[in-house]
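**Student:** Following this message is one structure expressed as structure tokens.
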Amino acid sequence: MGLSQRLVQKQGQSLVMTPQLQQAIKLLQMSSPELLEYVEAEIERNPLLEREEGAAAAKQAGELSQPAPLDQSFSSLPQDGDVSARESEAAEGAASRMADEAMMPRDSGWASLRSSGHLSFDGEDSDFADRLSKVASLSEYLTEQLNLTFSDGADLIIGQHLIGMINEAGYLSGDPLSLVTTLGTTEAHVTRVLEELCKFEPVGVFARDLRECLALQLAERNRLDPAMAALIDNLPLVAKRDFQRLRSLCGVSLEDLNDMLSELRSLNPKPGLAFGSEPLMPVVPDVFVRPSPDGAWIVELNSETLPRVLVNNQYLAKVAKGTTREDDKTFLAGCHAQATWLVKSLDQRAKTVLKVAREIVRQQDGFLIHGIQHLRPITLKMVADAIEMHESTVSRVTSNKYMATPRGTYELKYFFTNAIASADEGGDAHSSESVRHRIREMIARETGDAILSDDDIVAALKGEGIDLARRTVAKYRESMGILSSVQRRREARLKA
């Protein structure tokens, strides 16, 4: 059988990711600083784009025009070809995995840091050598350790707030117990998280004063014996060089005191300074949430983070009159199409962010009113179904966007938690974070003669409508650093 060439017509459907749709997806995922940087670059490139602030007079004179806001979903932005809105949304879903894999993930926090990465649309990232030589900030370094140490959502929230209280030297600049009221948690919970944070590197961070900073470093070296503890308890005498009194208080010889002072001088009184002197940039929230007089929540966008641009149609008309070359006409047409698309896309992006934020607030109303233990288990799909959007769109909205609430500022993605099934048929599911919080409370109320086993906890939780397996209770307990019932009972007997 010979090989031959022939023409065959076939009809079929395919998903098309046009350049504008790909750009729209990236636009939605950008953080506020990245968006502002991108818009500034577009204004520099496109002569038909104007900042709204600088063009207020021209706008009043009717020189500028802004396209009407879109009523369609974000995934059906104008695009080339005959791809329907439903196909566009399907294309976005199919491409979401590829887009996510192509973009490097960035660590982020609730209240203390903002990603400084630059997102490039032309494939040219910032200089690789510059990125390698860039020193991580203290906040970024501590946040990385926080995410490796804790898995419980409530612990992460408290930890990020405490990181936000760290000053340049590495000391706590505020009262950590103020979080008890702010987050609706307990003093024991905040103290437990702070004790874990004090073990982070560089050793000595999260101290409240110089004495505690030095004590943490000595303890890490296993050198915080009674004599050394007495020495750092009397730092004013060290400054006065009152060696006779120090020898008496520490109960050591002059030679031993000299060795102790030498070791004291080897410690770092300001461990945080090793991470550079650049000031920490506070997070600028994209959404504000505040209570209204009728008991509902007011959710609004932060106008300071929204770039405002307009299309200068008068300039277009003026230039077009004197344009005769086809290349120039093509260039102007392309600039006008890109400018119109950008204005519409920015408007639709803002509407999408606000829509997702309102749904999160609606579903996490209990957390905003009562605190961490009332976090509801919600997923991206639940929010996407409620607002009739694609799940990948919600995923992009919740990345690198922050919400300021009466209980602090959080990245939108941190309101999504795992669900624990209810023991009662038809009952509401429970957030894994709130269940961990409940387990911790039950163990904290134990007495020496009534230590709860994991089976006892399972039974108690089932009585409260929480269906949890014994191995899951054990996993949660171990993730919180709580000893087994046998070990807790042994410790209780020693204390008695």
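Coordinate-derived values only; no laboratory data. This structure is a prediction, so every number in the text was calculated from the model and none was measured. Please note: Cβ atoms are built from the backbone with ideal geometry, for glycine as well, and neighbour counts cover all protein chains shown.
**Student:** GLN22 to LYS240: extension gain in nm, 0.36 nm per residue of separation minus the Cα-Cα distance?
**Tutor:** Once the chain is fully extended between GLN22 and LYS240, it gains 71.7 nm.
**Student:** Using the eigenvalues of the Cα gyration tensor, what equivalent ellipsoid semi-axes result for the stretch 240-300 when each is taken as the square root of five times the eigenvalue, whole Å, largest first?
**Tutor:** 55, 19, 8
**Student:** What FRET efficiency do you get for ALA229 and GLU446 if R0 is 35 Å and r is their Cβ-Cβ distance, rounded to the nearest 0.05?
**Tutor:** Efficiency for this residue pair is about 0.70.
**Student:** Taking 7 Å along the Cα-to-C-beta vector as the label spot, tell me the LEU368-ALA492 distance in nanometres, rounded to one decimal.
**Tutor:** It is 4.2 nm.
**Student:** Taking only the alpha-carbon positions of the stretch 310-397 and ignoring solvent, what does the Debye formula give for the base-10 log of I(q)/I(0) at q = 0.12, 0.22, 0.24, 0.25 Å⁻¹?
**Tutor:** Result of the Debye calculation: -0.57, -1.02, -1.11, -1.16.
**Student:** Still on this structure, please answer the following. Note down the Stokes-Einstein diffusion coefficient of the stretch 138-275 in µm²/s, whole number, using a Kirkwood radius over alpha carbon pairs, 25 °C, and 0.890 mPa s. Mind dumping the intermediate values first?
**Tutor:** On the way: Rh = 16.2 Å.
Once the numbers are plugged in, D ends up at 152 µm²/s.
**Student:** Same structure, new question: ARG325 versus SER266, label points 7 Å from Cα toward the beta carbon: distance in nm?
**Tutor:** With each label placed 7 Å out from Cα toward Cβ, I get 7.4 nm.
**Student:** Round to the nearest 0.05 the FRET efficiency obtained for ASP175 and GLU144 when R0 = 35 Å and r is the Cβ-Cβ distance.
**Tutor:** 0.85
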